[in-house]
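S.K.: This is the structure, below, for whatever I ask next.
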Amino acid sequence: MWTAVHVVGAVAVVGLGAYVGFAPGFAVLVAVYLIAFTLMLGVTSANFSKPLSGSTLVVSAAATVMVIGLAIQAVPYGRSHAQGPVTGEPQWANAETRELMVRACFGCHSNQVEYPSYASVAPISWMVQSHIDEGREAVNYSEFATNPGDAEESFEVVKEGSMPPAYYTRFGLHPEARLTPEEMKTLLNGLQNTPGLTEYGD
Ligand code: HEC
């Protein structure tokens, strides 16, 4: 019975994790949580000798969330918010192009990330940092001069609407990255006129 509850719970939570953009790390966290929850249930119901009442469940779940929630703050990943230097941005077509790119893209593809305050609390900090790590690996506009990466896909990903990723602006997050149709037109035009940001030359 409890195994079934755990499996359904795990699938639901991992699905939610993928929806908000937090895939593999989230699955590990859920696994750790479920194991801890089972252990905690054993403790609070005196090694499962007492029947599992509603209050046993609530107390166990709350205690597990607290213990795991505190313990994971000790993981250093995602806390330092260290950023490399800016070694050379693209020759932006104009100031407005850069401004729109800063608003919609620099949160993951630059060495000038403005970390939101909630990005210091695990597990959110892990999620934010993993998006930034993966984003910088694909293209880092602060290191464009020496390491253009996939920058020539920039025009294309904005045009097809795959960047910024949907989870970035979901739930009212990052309103600055939500561009109006007018701004989108300006950005696409700017990207086309910035060398190195389209596959079709400049
Ligand atoms: C929430 C973080 C985030 C934001 C914001 C974001 N990206 Fe990305 N981007 C990623 C990640 C992660 C990848 C690598 C995985 C992938 O392709 O989905 C990526 C990949 C890319 C790639 C490489 C795609 C390819 O096919 O090679 C380009 C180009 C890119 N992003 C451009 C942009 C532009 C332009 C913006 C702003 C309009 C933007 N991104 C906003 C996270 C982000």
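Quick note: the coordinates plus some simple rules give every number you see, no bench work behind them. Fair warning: this is a prediction, and the values are worked out from it, not measured in the lab. Positions of Cβ are backbone-derived with ideal geometry, glycine not excepted, and every protein chain shown enters the neighbour counts.
S.K.: Please give the peptides 147-154, 65-72, 47-54 ranked by average Cβ packing (other Cβ atoms within 10 Å per residue), highest first, as a rough proxy for protection.
M.R.: Per-residue mean Cβ counts within 10 Å order the peptides as 147-154, 65-72, 47-54.
S.K.: What percentages, rounded to whole numbers, describe P(r) for the chain computed over all alpha carbon pairs with 5 Å bin width beginning at zero?
M.R.: 1, 7, 13, 16, 14, 12, 10, 7, 6, 5, 4, 3, 2, 1, 0
S.K.: Give me the angle, in degrees from 0 to 90, between the Cα long axis of helix 2-19 and the longest principal axis of the Cα atoms of the chain, rounded to the nearest 10.
M.R.: With rounding to tens, the tilt is 10 degrees.
S.K.: Let me see the P(r) profile for segment 26-131: every Cα-Cα distance counted, bins of 5 Å, each bin given as a percent of all pairs.
M.R.: Going from the shortest bin to the longest, the percentages are 2, 10, 16, 14, 11, 10, 9, 7, 6, 5, 4, 3, 2, 1, 0.
S.K.: Stretch A4-A145 to full length: gain in nm at 0.36 nm per residue minus the Cα-Cα span?
M.R.: Full-extension gain reported as 45.4 nm.
S.K.: Projecting each Cα onto the charge dipole of segment 1-159 (Lys/Arg +1, Asp/Glu -1 at the beta carbon, about the Cα centre), which of G69, H81, G135 comes out farthest on the positive side?
M.R.: G69
S.K.: Rounding to the nearest 20 debye, state how big the charge dipole of the chain is about its Cα centre with +1 on each Lys and Arg Cβ and -1 on each Asp and Glu Cβ.
M.R.: The dipole magnitude comes to about 1220 debye.
S.K.: If you line up the long axis of helix 54-71 against the longest principal axis of the chain, both from Cα atoms, how many degrees apart are they, to the nearest 10?
M.R.: 50
S.K.: OK, next. Could you check which residue among F155, F37, F26 shows the biggest mean-square fluctuation in a GNM of the chain with a 10 Å Cα cutoff?
M.R.: Top of the fluctuation ranking is F37.
S.K.: At a Förster distance of 45 Å, what's the computed FRET efficiency of E96 paired with M66, Cβ-Cβ distance as r, to 0.05?
M.R.: On the way: r = 48 Å, r/R0 = 1.06.
Using R0 = 45 Å, I get an efficiency of 0.40.
S.K.: Taking the Cα atoms only, what angle lies between the long axis of helix 181-192 and the longest principal axis of the chain, rounded to 10 degrees?
M.R.: Tilt relative to the chain: about 60 degrees.
S.K.: Using Cα pairs closer than 8 Å and at least 6 residues apart in sequence, work out the relative contact order for the chain, in percent.
M.R.: About 21 percent, as a whole number.
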